[in-house]
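To keep things clear, I will list the structure first and then write my remarks on it.
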Amino acid sequence: MTTFLSIAEAAAATGLSATTLRYYEQIGLIAPIERRSGARRYGDADLRWIEFLVRLRATGMSMRDMQRYAELLRLGPTPDSVAERQALLEDHARRVEADLDTLTDTLARIRAKISGYAALKAPDAPGAADAPLCSTTRRSAA
């Protein structure tokens, strides 16, 4: 049996505000939500879709691309729709992978800084003299 949630419950379940849920419906990211006595009732499929949108947004997909994806999804599994949806997700995946590479590099630099500070706190520790504290100094061209 399908469970239906009010907008407040759906907001709590998805981490979005009720205002954002209404906005997403208004701009076409979410299909019109079933209503009973004027109140929105979010079903399981609605919640799965919203959770997917939250993940796309959290990984930096633009609202425009999300709207296009939702529009294509509503067209059904036509060859053109499927191909364009795939292309949208492939492009987004490439951007996410590039972001991950940048984050991984940044994390490595942060960890190196932490090691440097730990070495300063324990100057007699092995390798303390070699711990880099700042790698942003410019080197002169030799």
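Observations, loosely collected:
- Pairs are defined by a Cβ separation below 8 Å, a sequence spacing of at least 6 or placement on different chains, a first member in region 34-48 that is closer than 15 Å to Ala8 by Cα, and a second member that is surrounded by 12 or more Cβ atoms within 10 Å (Cβ to Cβ) and of a type in the set (S, T, N, Q); the pairs so defined are Ala39/Ser6; Arg40/Ser6; Arg41/Ser6; Tyr42/Ser6; Leu47/Thr14.
- Single match in Leu16, Leu21 (criterion: of a type in the set (A, V, I, L, M) and either in a loop (DSSP other than H, G, I, E, B) or without any contact (Cβ under 8 Å) to a residue 24 or more places away in the chain (or both)): Leu16
To keep it simple, each residue is scored yes or no on (1) under 22 Å from Gly15 (Cβ atoms); (2) at pLDDT 95 or above; (3) surrounded by fewer than 14 Cβ atoms within 10 Å (Cβ to Cβ).
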site	(1), (2), (3)
Arg55	yes, yes, yes
Thr59	yes, yes, yes
Ala70	yes, yes, no
Gly76	no, yes, yes
Val82	no, yes, no
Gln86	no, yes, yes
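- Restricting region 74-91 to residues that are among the acidic types (Asp, Glu) and touching a Leu at 6+ places or on another chain (Cβ under 9 Å), the residue that is nearest to Leu56 (Cα to Cα): Glu84
Rundown of residues vs (1) touching a helix residue (DSSP H, G or I) at 6+ places or on another chain (Cβ under 8 Å); (2) under 21 Å from Arg74 (Cα atoms); (3) buried (at least 16 other Cβ atoms within 10 Å of the Cβ); (4) not charged (D, E, K, R), yes/no style:
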{"site": "Ala11", "(1), (2), (3), (4)": "yes, no, yes, yes"}
{"site": "Thr14", "(1), (2), (3), (4)": "yes, no, yes, yes"}
{"site": "Tyr24", "(1), (2), (3), (4)": "yes, yes, yes, yes"}
{"site": "Pro32", "(1), (2), (3), (4)": "yes, yes, no, yes"}
{"site": "Gly38", "(1), (2), (3), (4)": "no, no, no, yes"}
{"site": "Asp44", "(1), (2), (3), (4)": "no, yes, no, no"}
{"site": "Trp49", "(1), (2), (3), (4)": "no, yes, yes, yes"}
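- Index of the failed condition, Thr106 passing every other in (1) exposed (fewer than 11 other Cβ atoms within 10 Å of the Cβ); (2) under 15 Å from Leu29 (Cβ atoms): (2)
- Restricted to region 56-75, and to residues there that are in contact (Cβ under 8 Å) with a residue 12 or more places away in the chain and hydrophobic (A, V, I, L, M, F, W, C), the residue that is nearest to Ala31 (Cα to Cα) is Ala70.
The values are calculated or read from the model by the stated rules, or taken from the named source; none is laboratory data. Being a predicted model, the structure only gives us computed values, none of them experimental. Backbone-built Cβ (ideal geometry, glycine too); neighbour counts: all protein chains shown.
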